[in-house]
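Enquirer: What follows is a single structure, and I will ask about it in a moment.
Just so it is clear, none of the values below were taken in a lab; they were calculated from the coordinates. These numbers were taken from a predicted model, which means no experiment stands behind them. Heads up, the Cβs are rebuilt from the backbone with ideal geometry, glycines too, and the neighbour counts pull from every protein chain shown.
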Amino acid sequence: MNIAWYLYFILPLIGFVGMFAGGYWGVGCGWLIVPVMLIFGFSPAEAVGVSLLQMVPSTLPVAIKDFPKINWGRRSFGKRMILPLGIGCFITAFTGRFINAYLYGLFGSTALMVIFCLVNLFIGYQTLFSKPIQNEKALPVFTRKQSWIAFLGGLGTGIFSSLLGIGGAMIIRPILVNIFKVPEQWTARAVRILLLLTTSTGGLFYVISSGKQTGFEIFVLTLIISAGGMMGFPLGVKCNNIVCENGRARTLQRSFVVIPCIVLSNTILKLLGLAEISRILSLTFAVLLFIYIVSFTFYSQKHAVSQKEK
């Protein structure tokens, strides 16, 4: 396996920026990792596999800290929401690769990109026009019926996660915020725990099913990129905590719309045959997002507001 020397510096930097944004919103960074790897000539299987698997070492330490902060007792948030979502994701996380191959054989890559566009368009719409709750700490009471709805949402998340090469958190976050009205503080913790589950199962399956040589290459590339991601993710989480503590959780939730918008615009450019432009835009958006998150974090510290944002 031959890797250009400069990639040992560029790929960890990309991992840092991508997982920094991932830690801030509690999502993965496939929207950045996949197009960047394609720019440098890696195969789609390598790009998707690494995109999923590199999130594991980045999210594991934070997820371990978040786990005991979740109430796992009877009728709790952990048992009624996180557990059914996680079980649903795990059951279907292994199916996406086969659906991916089947659709690709019938319609080519266009079908997958159209599905990707529709999913991101829906997520963006829900995020932009939803009304996040203003109380940052109080959890609603969840019913058994809602647990079954969460389970069905997990099944769908697992399919789309492995089918489209995304971590799943991009779908789980809107489910918790918009459907179940979970406060940002608890949403972020739940999404980080579930992100670890979806990326580890989906990523390992890509490694196992890709053959010995490709699997080894994915493993090596994962180590290189995660060297930066392991530093970026906890810093993004810290920014999330600062913003929430200063009463800006509602702004944080709605700003998430930028991620599906980026993915949607890049996918449309690919459909128009402008793949190179879409990949360059991914890098540009990554830099702008990093600047925005850092700037808004400092802004929230200087301009703290009450629980009810204006």
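Enquirer: Please give the helix 96-107 orientation as an angle from the longest Cα principal axis of the chain, in degrees from 0 to 90, rounded to the nearest 10.
Expert: That works out to roughly 60 degrees.
Enquirer: In whole Å and largest first, what semi-axes does the C-alpha gyration tensor of the chain yield when each eigenvalue is scaled by 5 and square-rooted?
Expert: 29, 22, 19
Enquirer: Highest mean first, what order results for 62-68, 29-35, 246-252 on Cβ atoms within 10 Å?
Expert: Ranking, from highest mean packing down: 29-35, 246-252, 62-68.
Enquirer: Now a separate question. Helix 275-302 sits at what angle to the longest principal axis of the chain, using alpha carbons and giving 0 to 90 degrees rounded to 10?
Expert: 30 degrees
Enquirer: Something else now. How do R254, R75 rank when sorted from fewest to most other Cβ atoms within 10 Å of their own Cβ?
Expert: Going from least to most buried by this count: R75, R254.
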